[in-house]
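Before any comments, here is the structure.
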Amino acid sequence: MLKQHPPTPPPPPPLAASLREQAKSSRSIIIATSFFFLLFLLSLYFSTSHVPIQAQPDPFLFPTRPTFPSKIPSDPAPPSVAYFISGGCGDSGRILRLLFASYHPKNQYLLHLDRSAPQTERDRLAITVQSVPIFRAAQNVDVIGKADFSYSSGSSTISSVLHAASILLKLSKNWDWFINLNAADYPLVTQDDLLHILSYLPKELNFVNHTSYIGWRESSKLRRIIVDPGLYLTEKSAMFYVTQKRDLPNAFRLFSGVCFFFSLFLDKLYNTFGSCILFW
């Protein structure tokens, strides 16, 4: 007897096979697209997370602004001022008051009691100065031992100021301005403020209150001939006025004023006129 084989199924129709092939290819495309999209997202994440944050401004946005922090400029060094404080008989207390009010360790001070004061008062002033610890430590306060007469209306005042400048130059040449004060003066600002202001000014600048209007001074002061005994006498006496009048100079113009403080312009002027001041 012959064995019968089961009947083979009929081949699938061509349409169903093509649909299965399309579904398989679509799944492959979706998987590949998802994989590449995931790689794109990961690349964006890692690229943005490793970019450093710039703390400095963009130089192209701020062309005049430095891209690096610049060093803050420091204030200029404060200058040194030479003080000449003068007075007469009984003015030692006021001279000390003015000295304490205007004192600064960088400055130089010269005290003067004219010949109207007794020698004991002058010695007592020098002993008082040496007894102050800050004065003794800084060594910047001196007292004139050989005093001069000074007449406000004569030329002995100018001679006394030039003599003081000569002494101060011999004591120290490291000062920039010279200030002439009287025992009746008193500072309105502190030395720190004054030195701070002067540190921004040129060293050759002078402070003189002057005017070209002479007026009544022509006949009462400028044309009068005065013999000042403070220049040649050791004892104080009255000033002598000559009866004759002198002519005003025509080679230059006269000004009247008050000199508050001036600079000797040491680095240039001292080389030219320093010897004239030193040997005054």
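The values are calculated or read from the model by the stated rules, or taken from the named source; none is laboratory data. These numbers come from a predicted model, not from an experiment. Neighbour counts run over all protein chains shown; Cβ positions are idealised from the backbone, glycine included.
Assorted remarks:
- Residue match in the stretch 115-130 (condition: more than 30 Å from K221 (Cα to Cα) and assigned to a strand (DSSP E or B)): no
- Exactly one residue out of S102, S152 is hydroxyl-bearing (S, T, Y), exposed (fewer than 13 other Cβ atoms within 10 Å of the Cβ) and either modelled with pLDDT of 90 or more or under 26 Å from V227 (Cα atoms) (or both), and it is S152.
- Pair list, Cβ under 8 Å, 6 or more apart: the stretch 107-120 residue closer than 22 Å to Q139 by Cα, other residue crowded, with 19+ Cβ neighbours inside 10 Å and basic (K, R): L113/R122
- Test for K173: is it touching a residue at least 40 places away in the same chain (Cβ under 8 Å), of a type in the set (K, R) and closer than 30 Å to R253 by Cβ: no
- Complete set of residues in the stretch 159-175 that are assigned to a loop (DSSP other than H, G, I, E, B) and crowded, with 20+ Cβ neighbours inside 10 Å: W175
- Residue count, the stretch 93-131 (criterion: within 29 Å of the chain's Cα centre (by Cα) and not hydroxyl-bearing (S, T, Y)): 14
- Exactly one residue out of A147, A77, A137 is modelled with pLDDT under 95 and assigned to a helix (DSSP H, G or I), and it is A137.
- Enumeration of residues in the stretch 82-92 that are under 28 Å from the mean Cα position of the chain (by Cα) and assigned to a helix (DSSP H, G or I): none
- Figure legend. Inter-residue proximity from the stretch 81-95: first residues free of Cβ contacts under 8 Å to residues at least 40 places away in the same chain, second residues among the small types (G, A, S), beta-carbon distance below 8 Å, spacing 6+ or different chains. Indicated pairs: C89/S116; C89/A117; G90/A117; S92/A117.
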